[in-house]
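Asks: I am attaching a structure below and will ask some questions about it afterwards.
Read-outs throughout are calculated quantities, based only on the coordinates presented, and are distinct from any laboratory measurement. Here the structure is a predicted model, which is why all the values come from computation and not from measurement. Because the Cβ atoms are built from the backbone with ideal geometry, glycine has one as well, and the counts that use them run over all protein chains shown.
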Amino acid sequence: MEPLLSLRDLSIAYDVDGGTVTAVDGATFDVPRGVIVGLVGESGCGKTTLARSLTRVLADNARITGGQAFFDGQDIMALPERQMNALRWRKIAFIPQSAMNSLDPVYTIESQLAEVLCKRGGLTRARAHVRSEELFEMVGLERGRLRDYPHQFSGGMRQRVAIALALALNPKLIVADEPVTALDVIVQRQILDQLRDLQKELSVSVIIVTHDISVVAYVCDQVVVMYAGRVAETGAMRTTLTRPAHPYTMGLRNAFPDLKSAAGVLTPIEGAPPNLMHPPPGCRFAPRCPFAQARCTDSSPPLVQVDGDHLAACHRWQEADVLRPLAALTQTWAIDIGATEMGGAKS
Amino acid sequence: MTAAPLVSLRNVRLHYPVGGAIAALRGKTTVVKAVDGITFDVAQGESVGLLGESGCGKTSTGRLLLKLDAPTTGTVTFDGADITTLRGADLRRFRTRAQLIFQNPFEALNPRFTIRASLSEPLENAAIPLAERHDRIVAALELVRLPEPDQFLDRHPHQLSGGQLQRIVMARALILDPVFVVADEPVSMLDVSVRAGVLNVFREVRARMGLTAIYISHDLALVRYVCERTIVMYLGRIVEDGPTEDIVREPLHPYTKALVTAVPVPDPDQSHDPLPIGRGAPDPRNPPSGCTFRDRCPQAFARCAVESPGPTRVGNRIVHCHLHAPS
């Protein structure tokens, strides 16, 4: 079946003082129908910019500089604003990162739901009320709390409200930017369970933007790993996490404290991502990569097929089976990063 | 733990009136019991994790330990002295010996100050002679594994990455050679790939300086990495206290069980069973009677509603739960 969303070479740049920052650089991946895709990477890797571009709500200084994003066969990057606006909420809903603070404090939740349902969805007030109750029930909130204001809800409940808003008009794609980052572990887990249940029940596609691979491991079917604006690796979640082909993905796995395994030593990936105003030549991960060779700084590795839908952008992808056990060793990552350490200041 | 503890809390309570001036005039103030009768000791050189959800009182406890808040009742003792009564030179000495490592490195440093100025400030406050200051700064940066100080000293916070900033925040806390630090979620604002580096520095520094440390977090996996002992809090009270490895392996209190199950793991084969805990957030303004966890507890029984569970010793742990109490 044709994927719901296909990104082809999508690039997005910000005009800033003194130049251009290419935040997303040639992103190519598919979002199949009825699955959860995790878009994972560290701050500044372009994951949020990419997610926002899917609703085409970008900062004033951002430009889509190339590529396409086919949603249901239609390139949404080329759509006139009027038609794009018709897709927002109805077909593509966005849950912003600060969902906890993005609700208007002076309106009740019901009136904020009504705004979406009536203005965007064309429902009557009465129908909107029925639908609001239905939505509250779906996300596990009591109907009686529809008339409450955002401050009367806890962080986890506000996140449920944000999910209810996103589901309001039965979209085909929900893009959630860090939906559980600010929450406690217990609430995190409950929200992810709810999201997963609703996604299955309604068979929508969901893109979860996160920096946390444990979120990916818990709910995602597919994963896209981004590094410094580019897709480093993508594939089925299980394959990508258990048999990664890109050293960055291997390194992320080591850096994560794991309660289920013995208390070993965590291995950081030394250094910081490059400054995207002046990205390094070749592979952008090369300055932090323990396996980098001369060719890695000479040319950018293309995204190649490792196996089936598992793709990786690494010159040494064919050696992944040999590199993986090496990447699990702490001493492998103890490289002198010297100059690269200074690059990654985030604005 | 035969030596005298470095830090000691006895029946400490921190209650805040809420509702504001108008409610007060109407006589309608309620009291939030941020910390509600906690008792524990921290031995010299020990590292203790304070674990719990937002609103459980872990940050308030950290503030009480550093005399950033005064307890409503109870005593906080540091090195044998009641810190609530410290004044003058004794208080200044305490302020150098006990330090806080802030949660958000992006906000903990003055954006207008160079790194050198940020690190000099505590030295000035402690009247360290000018001639010594540069060496102290260099030594502190080396301690947190930022070995080439010239790269950093004249820069401003916005020119550094999160991992570098958090190390500088740590260097500032350590520059006066404290014996006790409280770290409040020091890596929660950092990317996963750099978290490990900061946690490793924290572990190393502790070992090298023989620091006594309190590490505040909601994530048991992080606490386990840096603390040999963990105190679990719920709604201002301690529910379980014991060696971290034992708690990870076999949590005794039903709340700890839920916390252990909820810890995110990067394992595709993890269990997706529902958490053994009721939904809903604890409401500190209106906690249930008896055991405050009972409304979310899957194992609650009649006694839990009428009687608040006291401490029970189970092996080398202390549990506050009627399931483990002698009847």
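Asks: At a Förster radius of 45 Å, what calculated FRET efficiency corresponds to the Cβ-Cβ distance of residue A:299 and residue B:250, to the nearest 0.05?
Replies: In this case the efficiency is close to 0.25.
Asks: Restricting to region B:166-290, what percent of DSSP beta bridges are antiparallel, rounded to 5?
Replies: Counting DSSP beta bridges with both partners in region B:166-290, the antiparallel share is about 55 percent.
Asks: Please build a GNM for chain B, connecting alpha carbons under 10 Å apart, and tell me which residue among B:98, B:117, B:173 fluctuates the most.
Replies: Of B:98, B:117, B:173, the most mobile in the Gaussian network model is B:117.
Asks: With an 8 Å Cα cut-off and a minimum separation of 6 or more residues, compute the relative contact order for region B:158-307 in percent.
Replies: 15 percent
Asks: Considering every pair of different Cα atoms, what Kirkwood radius, in Å, is found for the protein assembly as shown?
Replies: 26.8 Å
Asks: Need the C-alpha centroid separation for region B:239-266 versus region B:185-203, integer Å.
Replies: If we compute the Cα centre of each part, the gap is 21 Å.
Asks: Which lysines have a Cα lying under 19 Å from the Cα of residue A:47, excluding residues fewer than 8 positions away in the same chain?
Replies: The qualifying lysines are A:346.
Asks: Right, another one. Across every pair of different alpha-carbon atoms, what Kirkwood hydrodynamic radius in Å does region B:7-319 reach?
Replies: 21.0 Å
Asks: Using only alpha carbon pairs under 8 Å that are at least six residues apart, calculate the relative contact order of region B:265-327 and give it in whole percent.
Replies: 23 percent
Asks: OK, next. Sort B:313, B:303 so that the residue with the fewest other Cβ atoms within 10 Å of its own Cβ comes first and the one with the most comes last.
Replies: B:313, B:303
Asks: At each listed q (0.11, 0.21, 0.25 Å⁻¹), what is the log10 of I(q)/I(0) that the Debye formula gives for region A:243-338 modelled as equal alpha-carbon point scatterers?
Replies: For region A:243-338 at q = 0.11, 0.21, 0.25 Å⁻¹, log10 I(q)/I(0) is -0.34, -1.13, -1.41.
Asks: Ranking A:60, B:267, A:307 by Cβ neighbours within 10 Å, fewest first, what do you get?
Replies: In increasing order of surrounding Cβ atoms, one gets A:60, A:307, B:267.
Asks: Please give the Cα centre distance for region A:295-329 versus region A:80-106, rounded to the nearest Å.
Replies: When both Cα centres are located, 37 Å separates them.
Asks: I'd like the antiparallel share, as a percent to the nearest 5, of DSSP beta bridges with both residues in chain B.
Replies: 60 percent
Asks: Restricting to DSSP H runs of at least four residues, report the calculated mean residue ellipticity at 222 nm for the protein assembly as shown, -39500 (n - 2.57) per run over all residues, nearest 500 deg cm²/dmol.
Replies: The helix-only estimate for the protein assembly as shown comes to -9000 deg cm²/dmol at 222 nm.
Asks: Give me A:107, A:14 ranked fewest to most by other Cβ atoms within 10 Å of their Cβ, as a rough exposure proxy.
Replies: Going from least to most buried by this count: A:107, A:14.
Asks: Looking at the protein assembly as shown, send over the antiparallel percent of its DSSP beta bridges, to the nearest 5.
Replies: Rounded to the nearest five, the antiparallel share is 60 percent.
Asks: Also, I was wondering about something else. Calculate I(q)/I(0) for region B:82-146 by the Debye formula, one identical point scatterer on each C-alpha and no solvent, and give its log10 at q = 0.14, 0.23 Å⁻¹ to two decimals.
Replies: So the normalised log intensities work out to -0.53, -1.16.
Asks: Work out the charge dipole of region B:7-319 with +1 on the Cβ of Lys and Arg and -1 on the Cβ of Asp and Glu about the Cα centre, then indicate which of B:21, B:111, B:160 is farthest towards its positive end.
Replies: B:21
Asks: Where a Cα-Cα gap under 20 Å defines reach, which aspartates and glutamates qualify for residue B:28, not counting those fewer than 8 residues away within the same chain?
Replies: B:283
Asks: Report the relative contact order of region B:7-319, percent, no decimals, based on alpha-carbon pairs under 8 angstrom and at least 6 residues apart.
Replies: Once divided by the residue count of region B:7-319, the mean separation gives 21 percent.
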